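**Q** What follows is a structure written as structure tokens; I'll ask about it next.
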């Protein structure tokens, strides 16, 4: 292969294949080849804010980022959320909608010199949008260099991170940025993106005749657990690796989708019913103290790779079903869930199994949930009432003249730390919401205190 430096600027490359024939390629050809080398998820990134899928709480009509773009009044921001939820996409969409120059760097792999180049470009063009991936890994030297440029507005920083910025990002940088949380994309949102990619002839797979089964399409969306990037790239693999039939049509069935995204359709269906059925069965098995059934349903969720749903559901169970019967179970479940999220699969299965077994065999009490639900039920029916005067805030001038806080008895002034006085509004003064269950030692202990108090009032 020979490369020739041609005089004609429209000619980018010339090479001679083994046949000896000469092929001349122009800029457009080269651009197409370069584009096709990029993964589908990269090619389908939104060009404007209108093309962004999901995150409507940020980019929907009248929402904060759309308002910024519309007014071209951008401020530096940090976008945080799980992988594949659109952090880079929103950044590129902002750049596309505002027509500002857009550069993408990584806080770990790019050095200070790369940032100096961006700063120089900002000085020339007036403003540059800088997407900085893994912004929580930004070292002090790079941060110190960036801060003045953020202050004067020449660089609009869009930091992307999967870590909570309130914990992971230096306060000096954080204070100069607005923080926006991105939510995991829904199955329907990802399906919309997949359909768009299948139709798009310029950037997507529209040049191919693809016949994809609905169950396969929904599996690609559901199995990704909110990660659009993995869904799109799995779709591209399925299309490019499947042979055409005699009519030139590529048929993609559920088995192909499973293979390309490497997750079995264990609990996924079009409407998500099976997914929630398995989650429900997990909770009810734990509530019923059936360890083996709970481990079975946990296994199905693990096999589907649904760590997020598992984590959320186990924490809910710890407080809903075990509750005050074993309060330490909540803290231990949260620790197990955090360990699982840090480890990822396959190791995540180990702390999850620990948590499930403990929850199954712990004493059960839903008294706390039942109590708050009973209180909320009254409030929603309009059964409320005025706060008694002696409980009202008295920390302002003139409060005493209004009768606020008078005759309040300070419990700590009494030997037992308790004194008889009214706390509920007059129309609810005899209402009882909390009804303890004596299934565990802890709640049995606090129930004894509770009963003594009730007898005294």
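Every number here is computed from the coordinates shown, using simple stated rules; none is lab data. Just so you know, these numbers come straight off a predicted model, no measurement behind them. Note that we place each Cβ from the backbone using ideal geometry, even for glycine, and neighbour counts take in every protein chain shown.
**Q** Going highest first, how would you order 251-261, 143-153 by mean Cβ packing within 10 Å?
**A** Answer by packing, highest mean first, reads 251-261, 143-153.
**Q** What angle do you read, to the nearest 10 degrees and between 0 and 90, between the alpha-carbon axis of helix 187-199 and the longest principal axis of the chain?
**A** With both axes taken from Cα atoms, the answer is about 10 degrees.
**Q** Given the Cα-Cα distance of residue 392 and residue 373 and 0.36 nm per residue of separation, how much length would full extension add, in nm?
**A** Full extension from residue 392 to residue 373 adds 4.4 nm.
**Q** So, one more: How large is the Kirkwood hydrodynamic radius of region 273-361, counting all unique pairs of alpha carbons, in Å?
**A** It works out to 12.5 Å.
**Q** In degrees, nearest 10, range 0 to 90: what is the angle between the Cα axis of helix 273-287 and the longest Cα principal axis of the chain?
**A** 30 degrees
**Q** Also: Mind giving me the nanometre distance, one decimal, between the label points for residue 61 and residue 292, set 7 Å out from Cα along Cα→Cβ?
**A** Computed distance between label sites residue 61 and residue 292 equals 5.7 nm.
**Q** Can you tell me what share of the DSSP beta bridges in the chain is antiparallel? A percent to the nearest 5 is fine.
**A** Around 15 percent of the beta bridges assigned by DSSP in the chain are antiparallel ones.
**Q** Tell me which label goes with the value of Rg and Dmax of the Cα atoms in Å computed from the coordinates here: (1) 21.9, 63; (2) 29.7, 103; (3) 59.2, 181.
**A** (2)
**Q** For a quick check: sort 180, 345, 100 by the number of other beta carbons within 10 angstrom, fewest at the front.
**A** The order, fewest Cβ neighbours first, is 345, 100, 180.
**Q** Tell me the relative contact order for region 39-98 as a rounded percent, counting alpha carbon contacts under 8 Å between residues six or more apart.
**A** This gives 50 percent for region 39-98.
**Q** Follow-up. Using Cα centres only, tell me the gap between region 99-143 and region 299-347 in whole Å.
**A** Taking the Cα centre of each part, region 99-143 and region 299-347 sit 38 Å apart.
**Q** For the chain, calculate the relative contact order in percent as a whole number, restricting contacts to Cα pairs under 8 Å that are 6 or more residues apart. Before the final figure, lay out each step's value.
**A** Working: 691 pairs, mean separation 45.3, N = 457.
10 percent.
**Q** Using r as the Cβ-Cβ distance of residue 423 and residue 331, and R0 as 41 Å, what FRET efficiency do you calculate, to the nearest 0.05?
**A** The formula returns an efficiency of 0.90 here.
**Q** Right, here's the next one. So if each residue of separation counts as 0.36 nm, and I subtract the Cα-Cα distance between residue 446 and residue 152, what length gain in nm does that give?
**A** On the way: separation 294, 0.36 × 294 = 105.84 nm, distance 5.82 nm.
This chain segment gains 100.0 nm when fully extended.
**Q** With label points built 7 Å along Cα→Cβ from the Cα atoms of residue 144 and residue 339, find their separation and express it in nm.
**A** If labels sit at residue 144 and residue 339, their model points lie 4.0 nm apart.
**Q** As an exercise, use a Förster radius of 35 Å and the Cβ-Cβ distance of residue 199 and residue 109 to find the FRET efficiency, rounded to the nearest 0.05.
**A** Numbers: r = 35 Å, r/R0 = 0.99.
Plugging the Cβ-Cβ distance into 1/(1 + (r/R0)^6) gives 0.50.
**Q** How much length is gained if the chain between residue 413 and residue 247 is pulled fully straight, taking 0.36 nm per residue apart and subtracting their Cα-Cα distance, in nm to one decimal? Let's see the in-between values first.
**A** On the way: separation 166, 0.36 × 166 = 59.76 nm, distance 8.86 nm.
Between residue 413 and residue 247, full extension yields 50.9 nm more.
**Q** Taking only Cα atoms, what is the 0 to 90° angle, nearest 10, from helix 349-361's long axis to the longest principal axis of the chain?
**A** 20 degrees
**Q** Measure out, as a whole number of angstrom, how far apart the alpha-carbon centroids of region 400-457 and region 167-210 sit.
**A** Cα centroid of region 400-457 versus Cα centroid of region 167-210: 51 Å apart.
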